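Please treat every number below as a calculation from the coordinates, not as lab data. Source: prediction; values computed, not measured. For neighbour counting, all protein chains shown are included, and Cβ atoms are generated from backbone atoms with ideal geometry for every residue, glycine included.
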Amino acid sequence: MKKILHIAVLLNLFLVVSTCEKELQLNTEEVDSRLAIMCDFSPDEPFVLELSKSKSINSAKLESNIINNADVQICVNNEVIETILPLNSSSDANTKYQSTVALPEIKQIYTLKVEVDGLEPITATSSIPRAVEISHSSIGEINSFLTDDNETVSYEVRLGVQMEDPVDETNYYQISFFQEVLTSTPSIQQNEIKVIPSEGYSLIDDDLTNNFNLIDGGILFKDLSFNGTTKEFVFQPLFYFKPENLNTTSTPINIIIELRSVSEEYYKYYTSVYRQSSQENTPFSSPTVIYSNIKNGYGIFAGYSKSIVKTPIEL
């Protein structure tokens, strides 16, 4: 009797599953290709833009993403101040577009307009914030050691950086560290100075513990905890160099500290890039959407200004 009951239950279950079976339809709505742009600009330097295009998710064609025939305009108050031409017309590489007349100014609002046949036109707007100067810097303890290859020297240097944050506004910053290395080749009587970014850092400041992002060896942050005050930070960047390599000798001679005052668009874009890259090896993290201020496209058009100090160093 039990066996007959089990068979009846299994039969009913099979009928239910069979009647509920339904073909799964995936929504594969076509997503058109769009323009993508990269342009960070600063005072008295030309606008330099790199253009490409995204590929449609359903496209089976082997389409190039190269853009070298765009109509690129920089506008102020709805008036075109320059139509930017490509630097070259290569068919196998993305073309850079560089202004020859328009040089960005602080606090001026710029609008970028780009049109390419077959793609939706894009626009973007940004400005350059006023530079916040580094009011004081200092070098403290230096720790150096030979790395495992017995040829490369690694050293950490304790740096103090002071700045005057403007009051009653949210300000965004990026601080980066570089070393100037003097490379000498006695056999040909040649000296060369190379600027090399830091390879990492230790942050010795409680105010930035939960308020920073990494970007190309630097630190991106905003003035949440010190708005309108005089603020001094302590950092400990890490550098590498080879004292001797073949026929050359190398010696660090200066530490360069660069403080950028960046626009909100700059901060949001590079913050989202950092967060996405930091989650790549975390399988259960929530996905990060890359911020963009490009209307109808992708990427970033953003201004910044900078303050630089250079301090001699002896190892």
Suppose each label sits 7 Å from its Cα in the direction of the beta carbon; what would the residue 151-residue 296 distance come out to in nanometres? 5.4 nm
For residue 311, placing the label point 7 angstrom along Cα-to-beta-carbon and taking the stretch 248-266, residues whose amide nitrogen sits under 20 Å are 251-261
For the stretch 118-243, give the magnitude of the charge dipole about the Cα centre (Cβ charges: +1 Lys/Arg, -1 Asp/Glu; no others), in debye to the nearest 20. 260 debye
Spin-label point model (7 Å from Cα, Cβ direction): what's the residue 192 to residue 141 distance in nm? 3.6 nm
